[in-house]
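Read the structure below first, then the notes.
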Amino acid sequence: MADLPRHPFLQGLSKHRGAPPTVVVIFGASGDLTARKLIPAVYNLSVDGLLPADFFLVGYGRKVIADEEFRTLAKEAVKEFSRRELSEAAWARIAACTSYVAGGYDEPAAYTRLAQRIAELEKNLGREVQTLFYISTPPSVFAPILQNLGAAGLAGKYLGQAHHAKVIIEKPFGHDLASAVELNNTIRSVFAEHQVYRIDHYLGKETVQDLLVQRFANAIFEPLWNRNFIASVQITVAEEVGVGTRGGYYEQSGCLRDMIQNHAMQLVALTAMEPPGSYDAEAIRDEKVKVLKAIQPLNPAAGGDVARAQYAAGMIGGKPVPGYLEEAGIAPESGTETYAAIRLAINNWRWQGVPFYVRSGKRMARRVSEIAINFKRAPGTLFAESGGFNLAANTLSFQIQPDEGLSLILNTKIPGLETRTQPVKMSFRYATTFGSNTPEAYERLVLDAMIGDGTLFIRGDEAETSWKLYTPVLEAWAAAGRDGLDSYVAGSWGPATGDALLARNGQVWRQP
Ligand code: BG6
């Protein structure tokens, strides 16, 4: 099927990871995520020969459009957003199995029409197919969709058999602990946990998955991976972009909900968890939940464990950009944070006394996501800074994006007749070793859900554990309004209060 050279990452994959016959139903089919990520993901999976031979795509949305129009929109989406150029032949294969059902999210009759469409596909094929419902709508309609799928008999289809109904739920998964619990209850009233795939697209990133491989496929890290050798861990998820056209959404969300509670906490969990007993979804997710539960409650007071700020006007890439309050759709006195920094203390044998610092922000100096493990310094018996040596703490950093890779800072002798030292960086770059056309996170996630591998998805208890940690902070911030909200210049590395969080422990943020 592949008519383009196959990426080395994918060689051999289809042989081992075949998905059963599947119909993917996308709710929110005319939305932005569908065009930018989901349709291109399906296209690229097809080009790579990873879709099952019997594959169908059904768009579902409120907009009344004909099948042909949906196919045209989908094709445009591939042209604009796919990592590969559109090949007419490859597209024709997807187009032939793509259709659309128009309906309200709260309209039972529309779900009957959807059930009929699926039944027709099965009849023509002469066999049952599994259904994968992808809920990519605003969160306000998650519950009606779930309930209507249940009422139409679509959720429990073939339950207990290998090929059953599955559901992928997009973010945001709740906006605090109570809403996450409520959403989990709605889901569980209709689907069993093993049918549910809660998305966090960070888990689909190659480098995030590589973290597990680096930690557990190499013997040299594990003996050092603890409080005896590690001084602190710094996680940065910085973006150059501002809120753009998403002001309405962002005002209700803010950085803590949008980036930290979900994406950054996944990085924390994978860095800090104990080695799982097996490379299996439940074993890995059990360890993630365990370590999240060991995190101490946060002190949201000034001088405590958190900092928050909003970007003011500044420069990005040499061009002036407005401050958050001047962006479209933002309230003039908005208290929404566009930057948050957190100090986490993990109270277990491995990590007690090792601070985990996490920061994220929009309109920061550079788009970069990294996990930096700062090791304790060598005893200065032979070489010490006080003796005039240029030394740094060893730092292992996982560059999640861009320029994906891994680097280690080591102290080295400068060649010459005198003994002088200098820290140097040893680097591995994905693009240099493997080429740069890496599959996108959504390709991996859609494929895994079709196959039934939940490793890279969030389990219900995991989502609730993270919300439990952050809900008191969100409540304290909501009560304080703009009091205690710092600001930073767009294009900088964030506010003074973010730096102060580390300074209290005599540390500084690493310049990624
Ligand atoms: C999304 C957030 O989940 O992640 C966005 O809603 C953010 O605000 C995006 O820009 C960042 O994702 P990535 O993959 O570009 O790091």
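The values are calculated or read from the model by the stated rules, or taken from the named source; none is laboratory data. In this text, all values refer to a predicted model and were calculated from it rather than measured experimentally. Here Cβ is always computed from backbone atoms with ideal geometry, including for glycine, and neighbour counts include all displayed protein chains. Keep in mind that these areas ignore ligands, DNA and RNA; they rest on the heavy atoms of the full protein, side chains included. Shrake-Rupley method; radii C 1.70, N 1.55, O 1.52, S 1.80 Å.
Structure summary
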{"item": "Size of electric dipole in the chain: Cβ of Lys, Arg +1 and of Asp, Glu -1, about Cα centre, debye, nearest 20", "result": "940 debye"}
{"item": "For region 381-392, 3J(HN,Hα) per residue [Karplus equation, 6.51 cos²θ - 1.76 cosθ + 1.60, θ = phi - 60°, Hz, x = Gly/Pro]", "result": "6, 9, 10, 9, 4, 5, x, x, 7, 8, 10, 9"}
{"item": "Per-selection metrics, region 134-278 (Cα): Rg and Dmax in Å", "result": "18.7, 56"}
{"item": "Semi-axis lengths, Å, region 21-130, gyration tensor of Cα atoms, sqrt of 5 times eigenvalues", "result": "22, 18, 10"}
{"item": "Selected from Gln195, Val237, Pro172, residue furthest toward positive end of dipole (region 146-245; charges at beta carbon)", "result": "Gln195"}
{"item": "From the C-alpha gyration tensor of region 411-512, square roots of 5λ in Å", "result": "36, 32, 14"}
{"item": "Residues of the chain: accessible area per residue with a 1.4 Å probe, Å²", "result": "42 Å²"}
{"item": "Diffusion constant of region 283-371 at 4 °C, which comes from Stokes-Einstein with the Kirkwood Cα-pair radius and 1.567 mPa s, µm²/s", "result": "82 µm²/s"}
{"item": "DSSP-assigned coil residues among GluC sites (Glu not before Pro) in region 15-98, each with at most 10 further Cβ atoms within 10 Å", "result": "Glu85"}
{"item": "Most positive-pole-ward Cα, Thr131, Ala392, Pro495, against dipole of the chain from beta carbon charges", "result": "Ala392"}
{"item": "Positive dipole terminus of region 417-489, leading residue within Ala480, Leu456, Thr432 (C-beta point charges)", "result": "Thr432"}
{"item": "Karplus-derived HN-Hα couplings along region 190-201 (A = 6.51, B = -1.76, C = 1.60, θ = phi - 60°), whole Hz, x at Gly and Pro", "result": "10, 10, 7, 3, 5, 8, 9, 10, 8, 7, 9, 5"}
{"item": "Cα-based Rg of region 99-141 normalised by 2.2 N^0.38 Å, two decimals", "result": "1.31"}
{"item": "Cut-off of 10 Å, at most 14 other beta carbons, DSSP loop: longest stretch of the chain lacking such chymotrypsin sites (Phe, Trp or Tyr not before Pro)", "result": "350-512"}
{"item": "Too-long pairs where the Cα-Cα distance tops 26 Å, listed order kept, from Lys79/Lys166; Lys37/Lys362; Lys37/Lys425; Lys362/Lys468; Lys171/Lys293", "result": "Lys79/Lys166; Lys37/Lys425"}
{"item": "Low-density loop positions, GluC sites (Glu not before Pro), region 351-424 - DSSP coil, at most 11 other Cβ in 10 Å", "result": "Glu418"}
{"item": "Taking all pairs of distinct alpha-carbon atoms in region 69-117, Kirkwood radius in angstrom", "result": "12.5 Å"}
{"item": "Dimensions in Å of the chain - Rg and Dmax from alpha carbons", "result": "24.2, 84"}
{"item": "Taking the chain and dividing mean pair separation by its residue count, relative contact order in percent (alpha carbons under 8 Å, at least six apart)", "result": "17 percent"}
